[in-house]
Amino acid sequence: MNDWYNHAIIYQIYPKSFQDSNGDGIGDLNGIRQRIPYLKRLGITAVWLNPIFVSPQVDNGYDVANYFAIDESMGTMADMDALINDFHAAGIRIILDFVLNHTSDQHPWFQDAVTSKDSIYRDYYLFAGSGNHRPNNWGSFFGGSVWSPDPAGSGQSYFHLFDQKMPDLNWANPEVRRSMGDVAEFWLKKRD
C-alpha cells in the first residue's frame, strides 16, 4: 500500500479548455506549462491529462487517429517533452488518458481494414454478420446500433460501442495487444 498512487492528489486537466498560450481560443500544452507553479501551489502530486493525441475530435480526443503524435491544436511533441520535463522537475507525475478500447475511423489500421476482407488489419477490429444483416440488436452508448456497415461493402458490420467513427479494437487478437503495448512503451520511455 505504499505505491505513490494510493496517496496521490490527482488534478484532472482537459487541455483544450485549461489554458490557451497562443491566443487561438484552444487550450494547449504550453498553456499547461505556464500553470505548473499554480498546480504545484495547490499541493497536487499528479496530473491526469485528457487525450492529447492526433484526433479528428469527434469525441473530444477520445477518437485517436495517431497514438505517436500530438494533436496540432495542442502543440508539438517537443512541447509535450517540455511539459513532461517541467512536471517532473516540479515533482508532479503525469497520467495520460490512454484510450485502449477503440481508435478513430481515421486511424491507419482501420483505414486499411476497410480496404479488403484480406487486410492484415481486418482482425484488429470486430467485423461480423453477413448479407448486410447486423449480428444482434445491441445499442451503442451514443445511440443507435453498435454495428455499422463495413465501408468496403463486404456485407459485414463493424462494432463500435460508442460513436460509429470510433471502431472498437479486437483485444482477442495478440497483434492488437502487442501493438498497443508498443504505444504504451513509447510513452513510458518519455518518463526517463
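Every number in this text was worked out from the coordinates using simple rules, so none of it is lab data. The shown structure was predicted, so the numbers you read here are calculated from the model rather than taken from an experiment. For neighbour counting, all protein chains shown are included, and Cβ atoms are generated from backbone atoms with ideal geometry for every residue, glycine included.
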Assigning unit charges at the beta carbon (Lys, Arg +1; Asp, Glu -1) and nothing else, what dipole magnitude in debye, to the nearest 20, does the stretch 67-163 show about its Cα centre? 480
Any idea which of 31, 19, 95 is furthest toward the positive side of the dipole for the chain, if Lys and Arg beta-carbons carry +1 and Asp and Glu beta-carbons -1? 95
Per GNM of the chain with C-alpha springs under 10 angstrom, the most fluctuating residue out of 20, 182, 28 is 182
At each listed q (0.11, 0.19, 0.22, 0.24 Å⁻¹), what is the log10 of I(q)/I(0) that the Debye formula gives for the stretch 1-94 modelled as equal alpha-carbon point scatterers? -0.32, -0.89, -1.12, -1.26
Which one of 183, 128, 149 is farthest out on the positive end of the charge dipole of the chain, using unit charges on Cβ (Lys, Arg +1; Asp, Glu -1) and the Cα centre as origin? 183
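Grab the eigenvalues of the alpha-carbon gyration tensor for the stretch 39-89, scale each by 5, take roots, and send me the semi-axes largest first in whole angstrom. Please report the intermediate quantities before stating the final value.
On the way: eigenvalues 109, 36, 12 Å².
Output for the stretch 39-89: semi-axes of 23, 13, 8 Å.
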Given N residues in the chain, what is its alpha carbon radius of gyration divided by 2.2 N^0.38 Å? 1.17
Calculate the radius of gyration of the Cα atoms of the stretch 65-147 to one decimal place, then report Dmax, the largest Cα-Cα distance, as a whole number, both in Å. 18.5, 58
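At a Förster radius of 41 Å, what calculated FRET efficiency corresponds to the Cβ-Cβ distance of residue 48 and residue 172, to the nearest 0.05?
On the way: r = 29 Å, r/R0 = 0.70.
Result of the calculation: an efficiency of 0.90.
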